[in-house]
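Only the coordinates and a few stated rules stand behind these numbers; no lab work does. Note that the structure is predicted; figures quoted are calculated from it, not measured. Cβ placement follows ideal geometry from the backbone for every residue including glycine, while neighbour counts extend to all protein chains displayed.
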Amino acid sequence: MSTVAQADPAASAGSAGPLAHRRPLGDRIFQILAAAAGVLVLVILALIAISTSQQASSWFSTAGWNIFTADWNPATNSFGALSFIYGTIITAAIAIILSVPISVAMALLLTEVVPRRWARPIVYVVDLLAVVPSVVWGLWGILVFAPWLQHIYTSIASGVKGIPVLDALFGQPVSGASFFTCGLILAFMITPIVTSLSREVIATVPAIDKEGAYALGATRLEMIRGAVWPHSQGGIVGAVLLGLGRAMGETIAAALVIGSSPVITSHLFAAGYDMPAVIANQFGEASGEFRAALIGLGVLLFVITIVINLIARGVVERSARRHRGA
Amino acid sequence: MAATEQPAVDLREPAGWRRTKNQIATVAMVLAFGIVLIPLGFVLFTVIAKGASAINWSFLTGGPIPPNVVPAGIGGMGPAVVGTLLITGLAAVIAVPLGVLGAIYVNEYGGRGPLARVVRFMADVMTGVPSIVMGLFIFSIWVLHFGYSGLAGAFALACLMLPVVIRSSEEMLKLVPDPLREASYALGATKSRVTLTVVLPAAIGGIVSGALLAIARAAGETAPLLFTILTVTATNANVFNGANTALSTQIFTNATQPYLGAQSRAWGAALTLIAIAFILMIVARIVTARFTRYSN
């Protein structure tokens, strides 16, 4: 069926029949070059995995399961990564919780509410968030945003003093550079990608479903809940996962605003650390076992983001295929 | 006529709570956009306000980059501007042709075959690899053997750009209508000739604009450069040999300094970097507007 749909005279001539012998050498060389460029993607991914794990192997073999302890002290050659893994999860979670409702609301605004000629400038503006380089977010974050946030953190902390759960989460602000500041900036940075992916998913909802809902007398909100949401749920989960992957791997902004303190604490306003940030900040002075440990953190990060991306792309593709088939 | 007494059907807009809820939802969506504008406006305003006072001609061209303690106004970011342009340019020279070739394979040759599908899927996955991992990768595979250089930085940026260029170019090739290819085959052209002289020119506008956007993103990247170019303070016009420098890594090292001169240089460099990204983006829009023949 797919061969009929993709009628391709040259390919059929090339694969079989007498014409195959007459295909010029240049034509075949070009095909090989193109295929090599395509396969390069797979080669690079494999090389990343092999070369970085080779450089990190001494950390993995000497530390063993101790890599999952919280003891990180280059002076004593103990490299436990738990506090960085914790920080990565916490900051990415904050970013997702803050960014996803805004992104999905904006995706709905763009697809279902505003007319198309207004949607374009709005998309440009949202995409500007992605044009601001990571390091500029970090610079602004540490010099302008964090000092400003510190006042807010202090007043929130005094407000929740003594309240059981809230005190544990929002008490004791140390400075403006913290898990929460990092999560906020990551949220700004992943909003464009989550918005545009959600918008793509929502745009595939068949017009007939939406018109059907309206014909039954639904308001726009009811139409979104009844027709758009069931259709795009899966795809939006994929978009959120891709945003999560981005948030976990984002390096420079995090390195500048997270506070650089390897601790595991429930206080969101406390200075912390995450995996990409510690690599960026400490790699310059590292050698030997220390360097192996930092590259090893990179390997962990690579594995985590690859797994998240594989799942996310799988989810997006499956939901897209299901709806195309239906 | 009067025999069938119809109950009065209310065909007006839904009233009451349902209508209110709908309005609340609409307001919330507009509000979401407003919330996004706040940090964007805040960051752009700060960078322009603080950067504009730092930037002048000698800032952009002068060098070497002074030590952190030196107050603003002395020396310049010239070496970093040169480094950013050279390294990003070299990365584009490496990644764009390979990316376009890869897209040609995926769309023109591979089609729905298993290898093309794997390449397409893994290119998507590769866009999600953190930029710092690319830096570590090039450090392990290149810098450890051949030392720090602009070329190493360009390799790291090229690794980030490659999957983006493949995917954006593929989307553009997909838009070229099949009858164009078939007409060309009918004249007896080989597949490579059809691709290079018919399909590629038809899609070139979109491909160039996608590539420019990828370059704009790469120009602002810091993490892949940290361990590959080693951020020096003097101009190194030889990208193939010796440590180099870039605007992004200069911002990173200056941002954490307590000295006002260093901070001012960081703001100036930030504005320069954003200006470069914006110029590339605007050129991409112009290219899209002028040379796009087929679009969805």
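B:G89 passes every criterion in (1) within 11 Å of chain A (Cβ to nearest Cβ); (2) on the phi < 0 side of the Ramachandran plot apart from (1).
In the list A:V114, A:V132, A:V123, which residue meets the criterion of being of a type outside the set (S, T, N, Q) and facing chain B (nearest Cβ under 7 Å)? Step through it out loud before you land on a result.
Numbers: A:V114 fails: facing chain B (nearest Cβ under 7 Å); A:V123 fails: facing chain B (nearest Cβ under 7 Å).
Selected residue: A:V132, the only one of A:V114, A:V132, A:V123 that is of a type outside the set (S, T, N, Q) and facing chain B (nearest Cβ under 7 Å).
Selection of segment B:241-267 for residues being in a helix (DSSP H, G or I), within 15 Å of B:K50 (Cβ to Cβ) and more than 22 Å from the chain's Cα centre (by Cα) yields B:N254, B:A255, B:L260, B:G261, B:A262, B:Q263, B:S264, B:R265.
Quick check on my filter: what residues within segment B:159-204 are part of a loop (DSSP other than H, G, I, E, B) and within 29 Å of B:I286 (Cβ to Cβ)? Listed by number, the residues that qualify are B:V176, B:P177.
Screening A:F269 against (1) in a helix (DSSP H, G or I); (2) surrounded by 24 or more Cβ atoms within 10 Å (Cβ to Cβ); (3) more than 18 Å from the chain's Cα centre (by Cα); (4) of a type in the set (A, V, I, L, M, F, W, C) leaves a single unmet condition, (1).
For segment A:255-276, the tally of residues that are within 12 Å of chain B (Cβ to nearest Cβ) and either of a type in the set (K, R) or touching a Leu at 6+ places or on another chain (Cβ under 8 Å) (or both) stands at 3. Of the residues that sit in segment A:176-224 and are within 13 Å of chain B (Cβ to nearest Cβ) and among the hydroxyl-bearing types (S, T, Y), which one is nearest to A:V257 (Cα to Cα)? Looking at residues that are within 13 Å of chain B (Cβ to nearest Cβ) and among the hydroxyl-bearing types (S, T, Y), I get A:T181.
Criterion first (in contact (Cβ under 8 Å) with a residue 24 or more places away in the chain, more than 25 Å from B:K50 (Cβ to Cβ) and part of a loop (DSSP other than H, G, I, E, B)) does B:L230 satisfy it? Yes: the conditions hold for B:L230. Selection within segment A:148-202: residues that are without any contact (Cβ under 8 Å) to a residue 40 or more places away in the chain and of a type in the set (V, I, T). The member of this set that is nearest to B:A32 (Cα to Cα) is A:I152.
Residues in segment A:98-111 that are under 30 Å from B:T249 (Cα atoms) and either within 7 Å of another protein chain (Cβ to nearest Cβ) or among the aliphatic types (A, V, I, L, M) (or both): 1 in all. Checking each residue in segment B:104-138 for being more than 8 Å from chain A (Cβ to nearest Cβ) and in a helix (DSSP H, G or I) picks out B:N107, B:P114, B:R117, B:R120, B:G135, B:I138.
The residue that is nearest to the chain's Cα centre (by Cα), among those in segment A:114-140 that are within 30 Å of B:Q23 (Cα to Cα) and aromatic (F, W, Y), is A:Y124. Only one of the listed residues (B:I276, B:I286, B:I251) is free of Cβ contacts under 8 Å to residues at least 24 places away in the same chain and hydrophobic (A, V, I, L, M, F, W, C). That residue is B:I286.
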